[in-house]
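Read the figures in this text as sums done on the coordinates, not as results from a lab. Not measured: the values here are computed from a predicted model. Here the Cβ positions follow ideal geometry from the backbone for every residue, glycine too, while neighbour counts run over all protein chains shown.
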Amino acid sequence: MTAVFITGTGTDVGKTFVAAALARHLRIAGRVVDAIKPVVSGFDPAAPTASDSGVLLVALGKSVTIEDIERISPWRFASPLSPDLAAAREGRSLDFKALVAFCRKRESACAGSLIVEGVGGVMVPLDVTHTVLDLMTALRFPVLLVAGSYLGTFSHTLTALHVLAQRNLDIAAVVVSESPIPGASLEETVVTISRFAVAIDVIGVPRMRDDATGHPAIARIAQLL
Ligand SMILES: Nc1ncnc2c1ncn2[C@@H]1O[C@H](COP(=O)(O)OP(=O)(O)OP(=O)(O)O)[C@@H](O)[C@H]1O
Ligand SMILES: [Mg+2]
């Protein structure tokens, strides 16, 4: 596997957390790794390190300059909205074909593993006709689906898996990143999702104080790449 597309059951579930830990883990293991987050909503140029692009760059051991951010995140919008709406607020629109071409170019330029973080959940609109699902379908990179352990995650996760399967996308694994709110335990969540997601690896990542780099769950995810 040379590229992996990290999508989620929604926003804020842990895509960047998992992507950054994975990038660090692979780097420490001496592997060549690159990461991109092509589309970012809610980007504040005054606080680049706090952005997903900034977090990924730090995990890659890179500086967080505007040039670095431009290299991994060419489509940045200020409003914390879905990309189609965030772009419209700025009188812009996202060029879907250019987005696909950008991801492919980065994959062929990468001598090792490329981690691609999507935006929001599986079917977030990117422009007036395309969603993230269409981007994943165009790229056909194996998909890592990040979910939470919050109340509601079973339906969100199984629905997401269903639409991914409809497009015949290869699912590398489901990663349950433990949510900070009470719900079923991480273990119960993993077991329940596994029961329905037959033949799919379901990996639980506990809530951690800092980053998850040395954790066995991240090592398990890294083995898939
Ligand atoms: N397992 C975990 N342990 C500790 N903190 C976590 C864990 N998973 C996620 N977080 C934290 O929860 C917050 C939301 O996670 P993250 O930013 O990775 O979500 P996301 O899916 O990338 O969101 P977005 O849709 O905005 O890109 C972050 O502060 C992140 O560090
Ligand atoms: Mg993110």
### Counting DSSP beta bridges with both ends in the chain, the antiparallel % (nearest 5)
5
### Query
Listed highest first by mean packing, meaning other Cβ atoms within 10 Å per residue, what order do 86-94, 15-23 come in?
15-23, 86-94
### Task
Please report how far the C-alpha centroid of the range 96-138 lies from that of the range 1-70, rounded to the nearest whole angstrom.
14
### Task
Would you mind telling me which residue in 125, 206, 180 has the biggest mean-square fluctuation in a Gaussian network model of the chain, where springs connect alpha carbons within a distance under 10 angstrom?
180
### Task
Would you work out if the chain is rounded, prolate or oblate? Take a ≥ b ≥ c from the square roots of the eigenvalues of the alpha-carbon gyration tensor; rounded if a/c is under 1.5, else prolate when a/b is larger than b/c, oblate otherwise.
rounded
### Query
What net charge is computed for the residues neighbouring residue 97, neighbours being all others with C-beta under 14 Å from the C-beta of residue 97, Lys and Arg scored +1, Asp and Glu -1?
-1
### Message
Given a 10 angstrom Cα cut-off, can you work out which residue in 175, 13, 128 is the most mobile in a GNM of the chain?
### Response
128
## Note on the structure
Magnitude of the Cβ-charge dipole (Lys and Arg +1, Asp and Glu -1) of the chain about the Cα centre, nearest 20 debye, reported as 400
### Summary
Per-residue Cβ contact counts at 10 Å, fewest first, order 85, 26 as 85, 26
